[in-house]
Amino acid sequence: MADDHVSMKGRIVMQQCMSARLQVKPPTNEEEAECVEVKRGVVIYICFLRKADVSIVEKMAKAVLTVRLCPASQNGKLVSILDLPGDVLIVPQSTLGGKAKGKMIQYHSNIDKAKGVELYHAFIEQCQKMLGENAKWKQAGCALRHGTYGIRQEVLRFDTDARGPFCHYFEF
């Protein structure tokens, strides 16, 4: 039987939030930490695997921006982040590429760093394009923020409503 993990190109975990704050650059002796923040919307954790190439980026962006997961405030009907509209925070998360082997996690399926940076930036650009083309999202003054690929970052705050963070998992 073929290992599906080997043929996959990427993974995403998406969570709804009321607000979130991500430290994208740690403090130094000379500078304070640099952070990005979003209000009500979604946080997208993304990982590209070894088989990924630029052809998967549009499919991934379309999937997370158009899937109906967000409850609309008026009637509770589920809508996409475009229709809500709401903020988007994109966080690179290479640990999503891990696979348990015994008591250890291995990351042999992860993409190399240079290609990962390229695809991460292409994903951000595709999301910016799709969000920017959506009149409702633009008129609402929503924001797209993102982390920095390849460095350690900290989620400093993640607020959800009383129903929970609603984690959703996607494989491509």
Task: Flag if Val117 is under 25 Å from Cys70 (Cα atoms) and surrounded by 13 or more Cβ atoms within 10 Å (Cβ to Cβ) - done: no
Task: All strands (runs of 3 or more DSSP E) inside the range 21-131 with 1 or more residues being touching a residue at least 40 places away in the same chain (Cβ under 8 Å) - done: 34-38, 41-48, 87-92, 99-101
Task: Subset tally (residues that are surrounded by 12 or more Cβ atoms within 10 Å (Cβ to Cβ), assigned to a helix (DSSP H, G or I) and not basic (Lys, Arg)) for the range 134-155 - done: 1
TODO: Evaluate the following for Tyr169: is it in contact (Cβ under 8 Å) with a residue 24 or more places away in the chain, open to solvent by 90 Å² or more (accessible area, probe 1.4 Å) and not small (Gly, Ala, Ser)?
DONE: yes
Task: Residues of the range 25-40 satisfying the condition of being at pLDDT 95 or above and either of a type in the set (A, V, I, L, M, F, W, C) or under 20 Å from Pro85 (Cβ atoms) (or both) - done: Cys35, Val36, Glu37, Val38, Lys39
- [ ] Filter the range 72-81 for residues that are at pLDDT 90 or above, open to solvent by less than 20 Å² (accessible area, probe 1.4 Å) and of a type in the set (A, V, I, L, M) and give the result.
- [x] Ile81
- [ ] Using the structure shown, decide if Lys138 is in contact with a Ser or Thr (Cβ under 9 Å, 6 or more places away or on another chain) and either over 17 Å from Cys167 (Cα atoms) or not β-branched (Val, Ile, Thr) (or both).
- [x] no
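For (1) of a type in the set (Val, Ile, Thr); (2) surrounded by 14 or more Cβ atoms within 10 Å (Cβ to Cβ); (3) over 13 Å from the mean Cα position of the chain (by Cα), each residue gets a yes or a no:
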| site | (1), (2), (3) |
| --- | --- |
| Val91 | yes, yes, no |
| Gly98 | no, yes, yes |
| Lys103 | no, no, yes |
| Cys127 | no, yes, no |
| Gly132 | no, no, yes |
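The values are calculated or read from the model by the stated rules, or taken from the named source; none is laboratory data. Bear in mind the structure is a predicted one, so any value in this text is a computation, not a measurement. Note that each Cβ is placed from the backbone with ideal geometry, even for glycine, and that neighbours are counted across all protein chains shown. Accessible surface areas use protein heavy atoms only, side chains included; no ligands, DNA or RNA. Shrake-Rupley method; radii C 1.70, N 1.55, O 1.52, S 1.80 Å.
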